[in-house]
Amino acid sequence: MATRYDNIVREFYEEQAGFTVLLSDEPSFYKLLRGTLHKILAIRRDCLAYFQDQAPCLSEIKDKVGAKEPVLVFVERLIKGRPSADFILNIRRVFPEVKVVVLTDETSQEELIFLHELGANNIITKPVSVDSLVQKLAFTIKPQGKLAQLVEAGKKLLRNGELDKVLLVSSKILDMKPDSPAALMLQGDALSGMGQREEALKSYIQAHEQSKVFMEPIKKLADFYKDNDDDQYLHYLKKLDSISPLNTERKCEIGKVHLSREEIEDAERYFDQAVRCAVKEAHEYLSQVMSGIAESLFDVAPDKAEKYYAKLLKVKSSSLSSDDLETYNRLGIALRKQGKWQQAVENYQAALKVAPNEPGLFYNIGLAYSDGKEYAKCAKYFKKAVRSDGMIHKSAVSVARNMAGIFLKVGMTAEARVVLEDALADFPDDAKLKALLQKSASEQR
């Protein structure tokens with residue numbers, strides 16, 4: 001299978017003279033992509049351009065499209081902390097033939113749906129292996145299966161305005177797969193382009209009936225009823241909102257329609273939702289900026305890093321979740337570096353409100369109490385950490401040493417032996433663990 005994917009990618013770059021443009025602020029992905037193309041696949045021609053800013057990236061895409069070269073664009077979901085949604089929409093509007101792959105870290109299903117709605121042909125969740133990257137490239141370049149390839153051909157004909165041929169392709173697909181939503185969409189778009197609106201509407205409705213979560217026919221139905229029938233327009237806008245609830249502009253549009261009907265409370269509800277989406281987007285940007293500043297200060301000026309971590313948590317106070325544990329942890333370490341162990345405890349206690357059973361927080365509270373020589377309290381939280389996750393002392397040899405040492409210091413010999421025996425199963429050659437185990441045995445006698 002890998003050889004087939006390799007061949008698809010090589011054909012794109014070597015025989016079709018394909019070109020890839022990467023918009024990213026992470027040099028590591030550029031190195032991975034460049035290494036995959038030139039070292040793993042041994043593609044010799046210059047076929048990759050790397051940018052960290054949108055303007056030169058768009059200029060490069062324009063030049064390559066103008067030269068009739070097939071273009072594949074990789075773009076980060078966040079560029080320097082800012083969402084790249086406008087960039088993706090711009091490409092979709094100006095260069096509809098360009099394939100777009102969005103790069104993202106682990107994210108929610110709602111976010112993935114929104115990215116597809118923006119126009120992503122494919123999505124890569126990082127980190128990604130070389131084999132997975134080649135497969136994603138192949139699937140994006142050449143959709144797999146006869147039906148997918150016919151749909152792709154139909155879309156190309158549609159962009160070229162060859163509407164009669166689009167109808168022929170959609171008919172061929174429907175012969176192979178009756179009621180195919182993708183074929184019905186092609187059919188509807190061709191009929192609409194020919195001015196046959198009522199016939200197009202029938203195709204869109206049929207496409208929607210065949211797949212209730214396929215967004216394209218719903219968008220077409222919403223557009224069809226816009227300025228003609230507010231009830232139907234709202235109906236389909238709200239269907240879209242239920243499938244992809246992170247689209248701020250659509251929430252505003254729903255609010256405006258309600259406002260035009262003097263339905264003030266309904267309008268306000270959707271406007272409030274739009275604001276929450278916008279605030280969430282702003283928080284993502286602020287998080288990137290402030291955490292980046294804090295990290296740069298972390299080793300050289302922990303007191304300054306503390307300030308920015310604290311600001312970040314304050315900004316996100318209304319939307320804190322377990323996703324923010326890393327910020328709490330970094331703030332706690334920054335405080336401990338300055339000897340502010342009591343404030344570190346308070347910080348970790350606040351984190352427990354968003355992640356009540358997180359063993360790492362119990363462990364960190366214990367470390368902070370240890371800094372303050374409050375060993376009994378330290379042991380109490382270490383024990384909570386073990387109870388919350390029976391494997392935490394096996395996560396790293398330093399964790400096992402810290403826990404066992406404190407347990408022995410306060411006379412909790414049995415607890416120390418459990419930790420040490422478990423840890424030695426994973427770290428059998430660690431001299432310090434063996435010494436602590438001997439100590440626990442002598443104390444027990």
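The values are calculated or read from the model by the stated rules, or taken from the named source; none is laboratory data. Not measured: the values here are computed from a predicted model. Positions of Cβ are generated from backbone atoms using ideal geometry, with glycine treated the same way; all protein chains shown enter the neighbour counts. Accessible surface is based on the protein model in full, side chains and every heavy atom, while ligands, DNA and RNA are left aside. Shrake-Rupley method; radii C 1.70, N 1.55, O 1.52, S 1.80 Å.
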Using 0.36 nm per residue of separation minus the Cα-Cα distance, give me the extension gain between VAL94 and SER132 in nm, one decimal. 10.7 nm
Residues of region 355-390 with backbone nitrogen within less than 13 Å of a virtual label 7 Å along the Cα-to-Cβ line of GLN349, please, listed as ranges. 365-366, 369
Only Cα pairs under 8 Å and at least 6 apart count here; give the relative contact order of region 197-282 as a rounded whole percent. 19
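Suppose every Lys and Arg Cβ carries +1 and every Asp and Glu Cβ carries -1, with no other charges. What dipole size does the chain come out with about its Cα centre, to the nearest 20 debye? Could you put the intermediate results ahead of the total?
Details: 65 positive and 65 negative charges, 329 e Å.
I would put it at about 1580 debye.
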Could I have the simple spin-label model distance between ARG197 and ASN357, label points 7 Å from Cα toward Cβ, reported in nm to one decimal? 5.8
For region 250-303, compute the orientation-averaged projected area of the C-alpha convex hull (one quarter of its surface), in nm². 4.5
Net charge contributed by nearby residues that have their C-beta within less than 13 Å of ALA120 (K/R +1, D/E -1): +1
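Using per-residue counts of other Cβ atoms within 10 Å, averaged over each peptide, order 414-420, 157-163 from highest down.
Ranked by mean Cβ neighbours within 10 Å, highest first: 414-420, 157-163.
Enter the accessible area per residue of the chain (Å², integer; probe 1.4 Å; all protein chains in place). If you can, show how the numbers build up before the last one.
Working: 22810 Å² over 445 residues.
Averaged over the residues of the chain, the accessible area is 51 Å².
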Quick one: if you stick a label point 7 Å off each Cα along the C-beta vector at GLU295 and GLN338, how many nm between them? 2.1
If R0 = 51 Å, then ASP25 and ALA441, at their Cβ-Cβ distance, give a FRET efficiency to the nearest 0.05 of 0.40
Can you give the local net charge around LEU259? Use residues other than it whose beta-carbon is closer than 14 angstrom to its beta-carbon, Lys and Arg +1, Asp and Glu -1. -4
Using alpha carbons only, how many degrees (0 to 90, rounded to 10) separate the axis of helix 215-225 from the longest principal axis of the chain? 50
Quick check on the chain: what does the Kirkwood estimate of hydrodynamic radius come out to from the alpha carbon pairs, in Å? 26.3
Nitroxide proxy distance, nm - points 7 Å out along Cα→Cβ at VAL275 and PHE139: 4.0
Considering only GLY35, LEU22, PHE51, whose Cα is most displaced toward the positive end of the charge dipole of region 1-90, charges sitting on Cβ of Lys, Arg (+1) and Asp, Glu (-1)? GLY35
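How large a share of the accessible area of the chain, in percent, is made up of carbon and sulfur atoms when the probe is 1.4 Å and the other protein chains stay in place? Before the final figure, lay out each step's value.
On the way: 11240 of 22810 Å².
That share works out to 49 percent.
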Alpha-carbon radius of gyration plus Dmax, which is the widest Cα pair, for region 257-341 in Å: 18.1, 61
Any chance you could give the angle, 0 to 90 degrees and rounded to 10, that helix 325-337 forms with the longest Cα principal axis of the chain? 40
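Which value at 222 nm does the chain reach when only helices count, each DSSP H run of 4 or more adding -39,500 (n - 2.57), with the total divided by all residues and rounded to the nearest 500 deg cm²/dmol?
Mean residue ellipticity at 222 nm (helix-derived): -21500 deg cm²/dmol.
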Give me the extension gain from ASP266 to LYS373: residue separation times 0.36 nm, minus the current Cα-Cα distance, reported in nm with one decimal. 32.8 nm
Figure the gain on full extension for ALA17 and THR3 (residue separation times 0.36 nm, minus the Cα-Cα span) and round it to one decimal in nm. 3.1 nm
